[in-house]
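K.L.:
One structure follows; several queries about it will come next.
The values are calculated or read from the model by the stated rules, or taken from the named source; none is laboratory data. What you see is a predicted model; the values in this text were computed from it and never measured. Every residue, glycine among them, receives a Cβ derived from its backbone with ideal geometry; neighbour counts consider all protein chains shown. Side chains included, ligands, DNA and RNA excluded: accessible areas come from the protein's heavy atoms. Shrake-Rupley method; radii C 1.70, N 1.55, O 1.52, S 1.80 Å.
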Amino acid sequence: MTPGGVVATAPTPVDVDEIERALAALWRDAAPRAEPHGAPSAEPSNAPGAGPKNAASAETHGGPDGDLVTRACMSNLVIFCASPEEARSLPEEIGTIVERHPARVLLLVGDAAARGLEASVTAVCHLAGTGGERICSEHVTLEAARGAERSLPATVRALLIGDLPSALWWASPRPPHAEGPLFDELASLTDHVIWDSAASVDPAGGLEPIRRWAAAGGEGPPPSRILVSDLAWRRLKPWRWLIAQTLDPKREPGALESLEAVELEHGPGGVIEAWLLLGWLAARLGWSVRRAGAARGDELDLAFDTGAGSLAAHLRQISAGAAGLSRARLVWRGPAGAGHQEATFARAAPDRLEARLGSGAPRILAAPPVSRATLVARQLPKRFRDPVFRESLARARAMAEAPAR
Amino acid sequence: MPESAAMQVANPLTDGVGRMLLPDPCTLVIFGGAGDLARRKLLPAVWNLLLDGALPSTWAVVGFARTEHDDASFRELASESLEKYSRRPAEPALFEEFARRLFWVRGSFDDPSAYSTLRERLEKIEPTLGLGGDRVYYLSIPPSSMGTCVGHLQTAGLVTPASARPSTRIIVEKPIGHDLESAQALNAECARVFDERQIFRIDHYLGKETVQNLMVMRFANAIFEPLWNQKYVDHVQITVAESEGVGTRANYYEEAGALRDMVQNHILQLLCLTAMEPPWSLSGEVVRDHKLAVLNCLRPIAPKDVEASVVRAQYAAGFHAGIAVPGYRNEDRVRPDSSTETFVALRCFVDNWRWSGVPFLLRTGKRLPKRASEIAVQFKAVPPILFNVDAEAPLEPNVLALRIQPDEGLSLRIATKLPGPKVRIFPVKMDFRYGATFGEQTPEAYERLLLDVMAGDATLFMRRDAVEAAWRWVDGILDAWEAQGLRWLPQYAAGSWGPVEADRLIEADRARWRTL
């Protein structure tokens, strides 16, 4: 078993028009136990090990070994990868996702070697509690040869379970519109798009697609509004929380109004997170960008009007360390006679962030690294629009478009 | 509005960060800091709040009791407690940050000088951690010491007025009194020192996710509320079953019994949430007003009716998990002629327009077959026509059951047709389970409740008037029992669902106790 205790049945190839029947058979047929993810099945199996106990239905069936299986489903999750290479880690990631958020998963993979549209079905299960009961989700893989992608939206539409929320996770680093109209067609079938702007093959342009969707989603009438989530924004949550708490007006009166400098350091590929954090501070504290300095290699300067004065921001990429944001330093004017004060926030260890303020002891926040699958799983039930994200994104984009000095 | 809400507005960076509460920096002083509750629940709760980044920007915990500890040994005790009882383990690197904020003050609850020592220690600790003097006093101590404790807190200058800063709040653990008179006396002692807004009477049941979900289920779904009344509901069953015996709590339990231990607080709180009218706001006072209204509508059980409306019993020897267990009177520190009830079942009514004539059937007991708590709403039977014409085999009525523990969730029993050419009806259960659906570990009730106190939100805590209203109702039963002077109670075998008398109690309602 994987660390999370996730097991999956061996994928069963099926004709596309037999998918629903094959899924039903997964729950109907008693069959040998599932094998761990990635491990060869001793005897190819197409059932999770017992009859069904649908989360929304009644019967409990005992499997051959006396255990129970519950089919659970909170959402439809459509995942797109542009190639088999991009999809390689997906089976394990899907296990992580459905363990936290049971869903019918439709994995769409662009595959030049496929013959038209090929399908397979799998049950992904994990043990619940100590009772030995297994909670299972359905996983359908659709591999589409070039040209066959056009049939994906119609196939997906037929496979979505009605009356459930549907999300599209664009798991490819290729910008969505590089795949032609496919993204728009898939997105129109769902009500939630998840994307990782930090993973884009074009980091500088990574913000643009999500900014456009977020803006469109925010402006459209409610039925057509698509909820947009960016995993890069989600990764910043512990940073935002720690900064908000450390500079809380009750604790540091006046600090937020008198900030004068912000320095952000990030690892390779972390520039989007740095932009988003700066965009967040600018949006929440009402700064407007005045100008951007010319980029010098891995460094960039920006100047802001804060209303109370000006603020200088400096972004720097460091080559060592993990990807993502690694350090933030905020400097403000203290009360009269107190000079300047500063707070630094840093990833002190892989599993925690640390805030230092003056000479006091650091404040620590447990922030272990979170895999993208876990981030997706956490994002799926969060079905509210995040105006703070939208504002921060708009500011980040405005910074990118600011006139150079 | 809680103070914390006002504070969030003042800090633009907290918008959208996703935390419901942003408590002020504060010191938590635990009276009885090395006791069972502190070790099993409170210290693990603080640890898990730290891991979730939910604690204030700075904080401290000070343990206070007569036990011979110092800061170092208290931190060691905390480490052991996390090891044994925390839902997430103590990681060495983070534990240092946790432990350096733990302190110990040794003293007796009835020694005034110990409180001066406590104050001096707090005044030293707090500035070094950037704490402004806001304090929460958790009274995890015997009820008999509470009055003394709050009095000494005041004398030592450890209490500030309700609206003043820094703030002081107290958390009072159950039992809050032994009867109405003692509850009133205890409340009066607290009220002499603290304003009602500063007093948080804790009932950990109210911090449980499923209990909180009860209001969401009722008022965030359109399909239940129209049916939630005497027109459609046949009866309501509330069960809080324990599989354990009296264990090490015999000294307390001998004086309390099941009615005081469970019904007066947990079960009546569940009844209030089930029966209350929709509140017009979710603010603490409004919700608590609506719960109080239910208690005020609870029909008093007249002394002459107690025998017909209430069954009490004691467990006899039997089996638990396949092992023979002794009867209550043979347990350690239980009197051989004890007449303390370990089981109670009640039939009561909420006399208002919504619930007129609907029996509320309550039961709780020790040494029942399993640990399980549930609220079950049984709807009225469909008319005896169409599919329900066979009086010998009536259709099973619909039941909406909310499981509070373990395996939190809800289920709805409905009738459906068995496949085949004949019309055969079979009851099936639509089942929603938190664990299966949401997967993630849910926070312990004490985590939520501690955070609420730090943030000044009293919604999930019991107000004085509600505690006294509950005692007033329970006292009627206790008085009648005392007048009866029974020396031998009905018995039920350990591992069974209670005495046959409990079944007879609800026969008139044509109801049967549910098998959980």
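K.L.:
Short version: which residues of segment A:98-112 lose at least 20 Å² of accessible area, all chains versus chain alone, 1.4 Å probe?
P.N.:
By number: A:ARG100.
K.L.:
For the Cα atoms of chain B, what angle does the longest principal axis make with the long axis of helix B:284-297, in degrees from 0 to 90, nearest 10?
P.N.:
Once rounded, the angle reads 40 degrees.
K.L.:
In Å², and per residue, what accessible area does the protein assembly as shown have when probed at 1.4 Å with the other protein chains present?
P.N.:
Computed with neighbouring chains in place, this is 42 Å² per residue.
K.L.:
Could you tell me what percent of the DSSP beta bridges with both partners in segment A:92-150 are antiparallel, to the nearest 5?
P.N.:
Of those bridges, close to 65 percent are antiparallel.
K.L.:
Applying a 10 Å radius around every beta-carbon, put B:364-376, B:188-200 in order of their mean neighbour count, most first.
P.N.:
Those peptides, ordered most packed to least, come out B:364-376, B:188-200.
K.L.:
Mean 1/r over all different Cα pairs, inverted: what Kirkwood radius does segment B:3-202 give, in Å?
P.N.:
17.6 Å
K.L.:
Arrange the peptides A:330-336, B:264-270 so that the one whose residues have, on average, the most other Cβ atoms within 10 Å appears first. All intermediate terms of the calculation are to be shown ahead of the outcome.
P.N.:
Details: A:330-336: 15.9, B:264-270: 24.4.
The peptides rank, most packed first, as B:264-270, A:330-336.
K.L.:
Something else: What number, rounded to the nearest 500 deg cm²/dmol, is the helix-based mean residue ellipticity at 222 nm of the protein assembly as shown, given -39500 (n - 2.57) per DSSP H run of at least four residues and division by all its residues?
P.N.:
-9000 deg cm²/dmol
K.L.:
Still on this structure, please answer the following. Using a 1.4 Å probe on the protein heavy atoms, what percent of the accessible area of segment B:46-104 belongs to carbon and sulfur?
P.N.:
Values: 1090 of 2260 Å².
Answer for segment B:46-104 is 48 percent, counting heavy atoms of protein chains only.
K.L.:
With all protein chains present, how much of the accessible area of segment A:253-405 (probe radius 1.4 Å) comes from carbon and sulfur, to the nearest whole percent? Before the final figure, lay out the partial values.
P.N.:
Working: 3420 of 6620 Å².
Here it works out to 52 percent.
K.L.:
Averaged across the residues of B:426-434, what count of C-beta atoms belonging to other chains lies within 10 Å of each residue's C-beta? Mind dumping the intermediate values first?
P.N.:
Values: counts 2, 1, 3, 5, 5, 8, 3, 7, 0.
Other-chain Cβ atoms within 10 Å of each residue's Cβ, averaged: 4.
K.L.:
Give me the inter-chain shielding for A:280-288: mean count of other chain Cβ atoms within 10 Å, whole number please.
P.N.:
Values: counts 3, 2, 0, 2, 6, 2, 1, 0, 0.
Partner-chain Cβ atoms within 10 Å, mean over residues of A:280-288: 2.
K.L.:
Can you give me the angle between helix B:71-85 and the longest principal axis of chain B, using Cα atoms only, in degrees from 0 to 90, rounded to the nearest 10?
P.N.:
Rounded to the nearest ten degrees, it is 20.
K.L.:
Looking at the protein assembly as shown, send over the antiparallel percent of its DSSP beta bridges, to the nearest 5.
P.N.:
60 percent
K.L.:
Round to the nearest 10 and give me the degree value, 0 to 90, for the angle of helix B:143-155's Cα axis relative to the longest principal axis of chain B.
P.N.:
So the inclination is approximately 30 degrees.
K.L.:
I'd like the residues of segment A:356-399 whose 1.4 Å-probe accessible area shrinks by no less than 50 Å² going from the isolated chain to the full set of protein chains.
P.N.:
Residues meeting the cut-off: A:ARG363, A:ILE364, A:ALA366.
K.L.:
Please tell me the relative contact order of segment B:3-202 in percent, rounded to the nearest whole number, where contacts are Cα pairs under 8 Å and at least six residues apart.
P.N.:
Across segment B:3-202, relative contact order equals 21 percent.
K.L.:
Between chains A and B, what is the buried accessible area summed over both chains (1.4 Å probe, protein heavy atoms, nearest 100 Å²)?
P.N.:
3200 Å²
K.L.:
What relative contact order, as a whole-number percentage, does chain B give when Cα pairs under 8 Å and 6 or more residues apart are counted? Kindly include the intermediate steps, with their values, before the conclusion.
P.N.:
Values: 933 pairs, mean separation 88.9, N = 516.
Over chain B, the number comes to 17 percent.
K.L.:
Still on this structure, I have one more. Counting only other residues whose beta carbon sits under 12 Å from that of A:ARG235, what net charge do I get with K and R as +1, D and E as -1?
P.N.:
Local charge sum for A:ARG235: +3.
K.L.:
Nearest 5 percent is fine: what portion of the DSSP beta bridges confined to chain B is antiparallel? It would help to have the intermediate numbers written out before the result.
P.N.:
Details: 44 of 77 bridges.
Beta bridges within chain B, antiparallel portion: roughly 55 percent.
K.L.:
Moving to a separate point now. So how much accessible area does B:TYR85 have, in Å² to the nearest 10, using a 1.4 Å probe?
P.N.:
It works out to around 70 Å².
K.L.:
Sticking with this one: Give me a single rounded figure for B:408-414: the average over its residues of other chain Cβ atoms within 10 Å of their Cβ.
P.N.:
For peptide B:408-414, the averaged partner shielding equals 1.
K.L.:
Which net charge results for the neighbourhood of B:ASP465, defined as the other residues with beta-carbon distances under 13 angstrom from its beta-carbon, given Lys and Arg at +1 and Asp and Glu at -1?
P.N.:
+2
K.L.:
What chymotrypsin sites (Phe, Trp or Tyr not before Pro) does segment B:340-369 have in DSSP loop regions with at most 11 other beta carbons within 10 Å?
P.N.:
Here the chymotrypsin sites (Phe, Trp or Tyr not before Pro) that fit, given the DSSP loop and packing criteria, are B:TRP353.
K.L.:
If you count, for each residue, the other Cβ atoms within 10 Å and average over each peptide, how do B:496-503, B:380-387 line up from highest to lowest? Present the calculation step by step, with values, prior to reporting the outcome.
P.N.:
Values: B:496-503: 19.5, B:380-387: 11.5.
So the order, starting with the most tightly packed, is B:496-503, B:380-387.
K.L.:
Sticking with this one: In a shell of Cβ-Cβ distance under 14 Å around B:LYS370, excluding B:LYS370 itself, what net charge do Lys and Arg (+1) and Asp and Glu (-1) give?
P.N.:
Around B:LYS370, the charge tally is +2.
K.L.:
A further question on this structure: Would you mind checking which residues have amide H under 5 Å from B:ASP351's amide H? H placed 1.01 Å from N; only 5 or more apart, or other chain.
P.N.:
B:LEU298, B:ARG299
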